[in-house]
Amino acid sequence: MARPDAPCPGVWSNQLVNYSVSRLAPILEKLAHAQSRMLSTADEVPADQWRTRPKRGGWCAAEIVAHLIMVERSVVGSADRVTQHRPRRVSRLKRLHLPLALVEARLVKRQAPVPVDPDMLGEKETMLAELRNVRERMLAFIDETKERNLGVYRWRHPFLGSLSAYEWFEMVARHELRHEKQMREIAAGYRKP
């Protein structure tokens with residue numbers, strides 16, 4: 001039996017593959033851009049201050065990176081799990097969701113649905129290496145599934161609503177950019193005037 005999302009033979013299969021690949025290109029660019037910015041900004045936080053919370057409150061740099069790792073692991077795990085089964089039919093109404101741009105904009109402060117695991121708070125270089133590793137796993141998953149239409153697989157985001165796998169991948173990039181801004185604020189506190 002063919003996979004439920006397998007392309008139809010002939011012309012349609014080539015069109016579907018081209019559509020999936022063309023849809024992935026901007027997402028892959030955004031993921032690369034977001035991680036590059038995060039790593040560059042994280043480099044500005046001194047290693048001896050990595051686990052020190054800012055005076056004004058909020059997460060320390062280590063907590064931000066731990067949160068990003070947790071979210072990205074969750075998305076990759078969910079994508080892998082969901083794509084092992086037939087896609088569920090979802091009505092157009094239930095496919096509506098809040099704009100992904102809200103994730104990146106820090107206009108609305110959100111409480112993380114899952115608290116940061118304190119056991120994940122490690123040394124700066126170890127944590128940044130794990131952040132890169134989890135991204136490599138996401139990119140490997142995307143590459144392994146690039147000829148499938150992952151747009152038919154959906155699951156619920158706790159704030160935005162139902163997102164397709166492609167939208168989840170974009171959400172990861174936007175989420176990282178959101179927290180890069182937070183990391184930038186922390187890093188600014190260590191710059192000499």
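The values are calculated or read from the model by the stated rules, or taken from the named source; none is laboratory data. As the structure is a computational prediction, the values presented were derived from the model and not from experiment. Cβ coordinates were reconstructed from backbone atoms using ideal geometry, including for glycine residues, and neighbour counts include every protein chain displayed. Note: accessible area is taken over every heavy atom of the protein model, side chains too, but ligands, DNA and RNA are not part of it. Shrake-Rupley method; radii C 1.70, N 1.55, O 1.52, S 1.80 Å.
Scanning region 145-156 for residues that are touching an Asp or Glu at 6+ places or on another chain (Cβ under 8 Å), open to solvent by less than 50 Å² (accessible area, probe 1.4 Å) and assigned to a helix (DSSP H, G or I) returns a single hit, 150. Within region 157-170, restricting attention to residues that are aliphatic (A, V, I, L, M) and crowded, with 21+ Cβ neighbours inside 10 Å, the residue that is nearest to the chain's Cα centre (by Cα) is 165.
Pairs are defined by a Cβ separation below 9 Å, a sequence spacing of at least 6 or placement on different chains, a first member in region 125-154 that is under 17 Å from residue 27 (Cα atoms), and a second member that is among the aromatic types (Phe, Trp, Tyr) and open to solvent by 40 Å² or more (accessible area, probe 1.4 Å); the pairs so defined are 149/19; 151/19.
Helices (runs of 4 or more DSSP H) fully within region 69-144 that include at least 3 residues being over 18 Å from residue 167 (Cα atoms), at pLDDT 95 or above and open to solvent by 70 Å² or more (accessible area, probe 1.4 Å): 124-144. Contact map, region 175-192: first residue closer than 19 Å to residue 75 by Cα and of a type in the set (A, V, I, L, M, F, W, C), second residue assigned to a helix (DSSP H, G or I) and at pLDDT 95 or above, Cβ cut-off under 9 Å, separation 6 or more or different chains; pairs are 177/30; 177/33; 177/34; 177/37; 177/38.
Applying the selection to region 39-63, what residues are surrounded by fewer than 15 Cβ atoms within 10 Å (Cβ to Cβ) and assigned to a helix (DSSP H, G or I)? Correct list: 40, 47, 48. Hey, any hits in region 157-170 for a residue that's of a type in the set (Ser, Thr, Tyr) and part of a helix (DSSP H, G or I)? Yes: one or more hits.
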